[in-house]
Amino acid sequence: MPNQYWWRSFKDKLMVGLAGMATLLVLLPLVAIFGYLVYRGIGALNWNFLTKIPKPVGESGGGMANAIVGSGLILLIASLIGVPMGIGTGVYLAEFGKKRFGYLVRFTADVLNGVPSIVIGIVAWSLVVVYQRNFSALAGGVALGIMMVPVISRSTEEMLLMVPQSLREAAWGLGVPQWRTTLSITLRTASSGIITAVMLSFARVAGETAPLLFTTLGNQFWNFNVRRPTAALPLQIYTYAQSPYDDWHRQAWAGAFILIVMIVVSMSLVRMVVSRGVFKGGN
Amino acid sequence: MNGSLLKARYQPDPAAASSPLAETTQVPRRKIHLKSSRLADAGFRYLMLGCALSVLAIVVLIVRELFLRSTLSLHAFGLKFLMTQSWDPVNGDFGALAFIYGTLVSSLLALILAVPLSIGVATFTTELCPRILRGPLSYMVELLAAIPSVIYGLWGVFVLVPILRQYVQPFLAKYFGWTGLFGGYQFGIGMLAAGIILAVMIIPIVTSITREVMSAVPTAQREGVLAIGATRWEMIRVGVLRNARTGIMGAIILGLGRALGETIAVTMLIGNRPEIAKSLFAPGYTLASVIANEFSEATEDLYLSALVEIGLVLFAITLLVNIVAQLMVWSITRGSARRAAV
């Protein structure tokens, strides 16, 4: 019986149906999360939220302006550390890394990518906070910067490898030195791909909370000093979500909405750039 | 500026073109230029090498700092740390067993839920769905990966937990209570909630890697199986899944690595109680959550050191898991490149 055609055909339809169901089931939380986020977030969003700092416990109102700016500050520090190192590593892997050592670096980058963010938080604490004797935006930036490196380097490498070899050879043929070829020809051709990589890594670390918990610590007031504890949007959401106050829950949703809008916008920009055709120079 | 430089190189020197003598007088100048550019090339190369080395340095630094800051606890407890489950900051007695248990159980639960779904989604998007849907579907699954952990936690606390408490847990207790896995108080928060949210969080990575390895299976394999009269499902099972199984296994283990290290969403949902309970409804605690909750409050040296050692344990587990997974994925997708290099 198991080999009869109707049975095989039935099994075929069943499995195809199950695969389709799985897809629907996976999209369900996506829709549910986004739907609820927009519903609660927009309801709680107002001008004060974007321009005021948090009020003391018990008073309603106030906002997360300091956390939004603080997040920007931390991400800026992270980018200053992560972007050059990531792109440099990517260039090394794509242009010089065809030997054993290249594989070692690639493997290490993949391993680093898998290190839990909270462990990176401990390391940043150990490297910065312990010596400064102070929680600071700098420490958070170091943690997020470390997390950006493997993401950027691996995608930069991928993008650079997609640049046709003939372009490099054309430059060499004109007597352009290799460093100049890499900077002005290869990197420039792949630039939108690399911007994509940077944006993606940005989107990934922008929502990270765990490594900030004991590096930047959070702050209820304005702070622009990188050597002081600073508020960050994900941290603030985390703190507010765990509080017993309804008003703070409302603000947590508004903060989450802002965070997700930032992330989705950057991801969609990336998507647009990629679908426009990244490599117009080569074929 | 670059353009103008290139253009300048393009234009043949009229003097050089007309008389060979003029060209020879040019030679010394060009030689100097070549020398300096060779120097610049070497410099550039070393600069890039420096960046690459820094990746290695970061990993070495992680290991060093973790050992350095946990020395106290390593000496005080030794291997006992991994085998006792007392966590008593007041009396300075620390053991990580309850956290290791919570981490493993929540992650395995996540895998059990996520793996069939991920393989289903990957199969659907690579083999079955209309070409038009392929892009949007994979984009939506990717979007799931872009949602930050803290938002998963927020959603879990305010939406998932009430649903679990009101509908799912009574149902499970009623029909599957006999297994012993679904007994006790129904808080909503607990191991089950953490497992579900972890499953949603690892589905994107497992799906995308599974899709990658499935696409790496040559079309000829599919055609061959179809040609001997297989149905679509048989083609997928024999022609695709069987060929991609090492890679899929790698994807699953990589997902496990993600689940083990996930912090914030789990901390918000698992209940944070260092106990080993059979029931999935009971609250638990994971390695990552205990660090997240207690690190900034730990004042005594031994307490802090024990927390760093927990970080070390977590790092060791994820490192092992990731290396295994990476090797498995590489053996499929990069097998050819690697063989060429060796």
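The values are calculated or read from the model by the stated rules, or taken from the named source; none is laboratory data. Model, not experiment: these values are computed from the prediction. Positions of Cβ are backbone-derived with ideal geometry, glycine not excepted, and every protein chain shown enters the neighbour counts.
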Reported set for segment B:130-164 where residues are buried (at least 19 other Cβ atoms within 10 Å of the Cβ), within 8 Å of chain A (Cβ to nearest Cβ) and not aliphatic (A, V, I, L, M) is B:Pro148, B:Ser149, B:Tyr152, B:Gly153, B:Trp155
Within segment A:220-245, count every residue that is more than 11 Å from chain B (Cβ to nearest Cβ) and over 20 Å from the mean Cα position of the chain (by Cα).
12
Given (1) surrounded by 14 or more Cβ atoms within 10 Å (Cβ to Cβ); (2) modelled with pLDDT under 90, identify the lone condition not met by B:Gly50.
(2)
Could you please find all residues in segment B:202-250 being acidic (Asp, Glu) and more than 22 Å from B:Ala114 (Cα to Cα)?
B:Glu223, B:Glu234
Is one or more of the residues making up segment A:50-57 farther than 29 Å from B:Ser138 by Cα and part of a helix (DSSP H, G or I)?
yes
Can you run down the residue pairs with Cβ atoms below 7 Å, 6 or more apart or on separate chains, where the first is in segment A:1-23 and surrounded by 13 or more Cβ atoms within 10 Å (Cβ to Cβ) and the partner is among the β-branched types (Val, Ile, Thr) and in a helix (DSSP H, G or I)?
A:Ala19/B:Thr123; A:Ala22/B:Val121; A:Thr23/B:Val121
Is at least one residue of segment B:204-224 modelled with pLDDT of 90 or more and not in a helix (DSSP H, G or I)?
no
Pick out the one residue from B:Gly239, B:Gly311 that is more than 8 Å from chain A (Cβ to nearest Cβ) and crowded, with 18+ Cβ neighbours inside 10 Å.
B:Gly239
Is segment B:80-103 home to any residue that is out of contact with any Phe, Trp or Tyr (no Cβ under 9 Å at 6 or more places or on another chain), in the same structural domain as B:Leu319 (by TED's automatic domain parsing), assigned to a helix (DSSP H, G or I) and surrounded by fewer than 17 Cβ atoms within 10 Å (Cβ to Cβ)?
no
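Take the residues in segment B:277-300 that are among the hydroxyl-bearing types (Ser, Thr, Tyr) and outside any loop (DSSP other than H, G, I, E, B), then tell me which one is farthest from the other protein chains (Cβ to nearest Cβ).
Let us first name the residues in segment B:277-300 that are among the hydroxyl-bearing types (Ser, Thr, Tyr), namely B:279, B:285-286, B:289, B:296, B:299.
Right, trim to outside any loop (DSSP other than H, G, I, E, B) and you get B:289, B:296.
Values: B:Ser289: 9, B:Ser296: 4 Å.
Applying the filter and picking the extreme gives B:Ser289.
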If we ask which residues in segment B:165-185 are under 16 Å from B:Pro283 (Cα atoms) and either facing another protein chain (nearest Cβ under 7 Å) or surrounded by 19 or more Cβ atoms within 10 Å (Cβ to Cβ) (or both), their number turns out to be 2
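B:Val121: surrounded by 19 or more Cβ atoms within 10 Å (Cβ to Cβ) and within 8 Å of another protein chain (Cβ to nearest Cβ), yes or no?
Spelling it out, B:Val121 is indeed surrounded by 19 or more Cβ atoms within 10 Å (Cβ to Cβ) and within 8 Å of another protein chain (Cβ to nearest Cβ).
For segment A:1-51, enumerate the residues that are hydroxyl-bearing (Ser, Thr, Tyr), closer than 24 Å to B:Ile147 by Cβ and more than 10 Å from chain B (Cβ to nearest Cβ). Don't jump to the end; show me each part of the working.
Start the filter on segment A:1-51 by keeping residues that are hydroxyl-bearing (Ser, Thr, Tyr), which leaves A:5, A:9, A:23, A:36, A:39, A:51.
The next check asks that each one be closer than 24 Å to B:Ile147 by Cβ; those that pass are A:23, A:36, A:39.
Across segment A:1-51, the qualifying residue is only A:Tyr39.
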For segment B:113-146, give me the residue count where each residue is outside any helix (DSSP H, G or I) and touching a residue at least 24 places away in the same chain (Cβ under 8 Å).
0
Quick one: in segment B:318-330, of everything that is in contact (Cβ under 8 Å) with a residue 12 or more places away in the chain and either at the interface with chain A (Cβ under 8 Å from one of its Cβ atoms) or in contact with a helix residue (DSSP H, G or I) (Cβ under 6 Å, 6 or more places away or on another chain) (or both), which residue is farthest from B:Gly95 (Cα to Cα)?
B:Val329
